[in-house]
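The values are calculated or read from the model by the stated rules, or taken from the named source; none is laboratory data. Only a predicted model underlies this, so the values are computations on that prediction, with no experimental measurement involved. In this analysis, Cβ positions are derived from the backbone assuming ideal geometry, glycine residues included, and neighbour counts consider all displayed protein chains.
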Amino acid sequence: MTYIVIALGILCLLYCAGILISGVYGSWFFLIWGIAGTGFLALAWLYQHGVWLQLPGGMRKLMIAVVLLGAAVFLFVEGLLISRFSSKGVPDLDYLIVLGAQMRESGPSKALALRLDTAAAYLVENEGTLVVVSGGKGSNEPVSEAQGMYDYLTAKGIAPDRILLEDRSTNTKENLEYSRSLIPEEASVGIVTNNFHVYRSTRLAASQGYSTVYGLAAPSDTAMQANNMVREFFGVIKDLLYGNMTLGW
């Protein structure tokens, strides 16, 4: 058992280092892998030196119960996220909303480019659909995410008069809240985002009163998928605690 915990610790530290070296991260959340790796190695050291067995039996049982409960909640939420990985929407939606992600000096980040490519493919096949590109300008971004997405889609051949810009939002909740003001109340809407993000996005939209909403799952950066899935778990928990969304299928 000790060797398994040590192996997990080393893997977490290597993953954290790999993300850091690659420079593909858009936030510092990936450092959680370094913290987790250090924690696993510390647990292995404590177990090897008999500290675990010195704890009272009741405390050990309580700690095990807390860990198992946390693992069960984590796996349940991850299952909900995975359930939306193949979402494709339906033809002839009235509007798409492309949720923003980081813009770089060189253009959209990989995650955002994948969302935009998915949206562009849908718009080519469904010529009556309009699109809202949603995202403000972060302190580390050269332009607003909305403007960057507009430029990317027009370069892909999407007519400018089919694109509406929402450039105030700073998170997913605001993306949907501010975009809704640009869309007729009874319009059918497809939310375009990376696969791990579809579940929370559609549940937030449902809680905000969108009448007919579908998810369109774009692929994700394979190297960042584990990091994104863990980060999204905390996003779901936060929005549940703040009352921004409810669970559902």
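Of these, Leu130, Leu99, Leu153, which one is surrounded by fewer than 22 Cβ atoms within 10 Å (Cβ to Cβ) and aliphatic (A, V, I, L, M)? Outline the logic, then answer.
Working: Leu99 fails: surrounded by fewer than 22 Cβ atoms within 10 Å (Cβ to Cβ); Leu153 fails: surrounded by fewer than 22 Cβ atoms within 10 Å (Cβ to Cβ).
Answer to the selection: Leu130.
Is there a residue in the range 171-181 that is under 19 Å from Glu125 (Cα atoms), within 19 Å of the chain's Cα centre (by Cα) and hydrophobic (A, V, I, L, M, F, W, C)? Don't jump to the end; show me each part of the working.
Residues of the range 171-181 under 19 Å from Glu125 (Cα atoms): none.
Checking the range 171-181: not a single residue is under 19 Å from Glu125 (Cα atoms), within 19 Å of the chain's Cα centre (by Cα) and hydrophobic (A, V, I, L, M, F, W, C).
What are the residues in the range 62-102 that are in a loop (DSSP other than H, G, I, E, B), within 18 Å of Leu204 (Cα to Cα) and not assigned by TED's automatic domain parsing to the domain that holds Asp167, if any?
Of everything in the range 62-102, those that are in a loop (DSSP other than H, G, I, E, B), within 18 Å of Leu204 (Cα to Cα) and not assigned by TED's automatic domain parsing to the domain that holds Asp167 turn out to be Ser83, Arg84, Phe85, Ser87, Gly89.
Is it true that Glu127 is within 14 Å of the chain's Cα centre (by Cα), of a type in the set (Asp, Glu) and outside any strand (DSSP E or B)?
Numbers: within 14 Å of the chain's Cα centre (by Cα): no; of a type in the set (Asp, Glu): yes; outside any strand (DSSP E or B): yes.
No, not satisfied.
Which numbered condition trips up Ala120, out of (1) in a helix (DSSP H, G or I); (2) of a type in the set (Gly, Ala, Ser); (3) buried (at least 24 other Cβ atoms within 10 Å of the Cβ)?
(3)
When you scan the range 153-249 for helices (runs of 4 or more DSSP H) that lie fully inside it, which ones turn up with 3 or more residues that are of a type in the set (A, V, I, L, M) and free of Cβ contacts under 8 Å to residues at least 60 places away in the same chain? Step through it out loud before you land on a result.
On the way: elements: 172-180, 198-207, 225-241.
So the answer is 198-207.
Test Gly135 against the stated conditions and say whether it is over 28 Å from Leu241 (Cα atoms), under 21 Å from the mean Cα position of the chain (by Cα) and not hydroxyl-bearing (Ser, Thr, Tyr).
Working: over 28 Å from Leu241 (Cα atoms): no; under 21 Å from the mean Cα position of the chain (by Cα): yes; not hydroxyl-bearing (Ser, Thr, Tyr): yes.
No, not satisfied.
With the structure loaded, tell me whether Leu204 is farther than 20 Å from Pro91 by Cα, aliphatic (A, V, I, L, M) and buried (at least 16 other Cβ atoms within 10 Å of the Cβ) or whether it fails that test.
Numbers: farther than 20 Å from Pro91 by Cα: yes; aliphatic (A, V, I, L, M): yes; buried (at least 16 other Cβ atoms within 10 Å of the Cβ): yes.
Yes; evaluated as a whole, the condition is true for this residue.
For the range 1-61, please list each of the helices (runs of 4 or more DSSP H) lying entirely inside it that holds at least 3 residues being at pLDDT below 95 and surrounded by 15 or more Cβ atoms within 10 Å (Cβ to Cβ).
Numbers: elements: 2-22, 31-48, 51-54.
Once the helices (runs of 4 or more DSSP H) in the range 1-61 are filtered for at least 3 residues that are at pLDDT below 95 and surrounded by 15 or more Cβ atoms within 10 Å (Cβ to Cβ), what remains is 2-22, 31-48.
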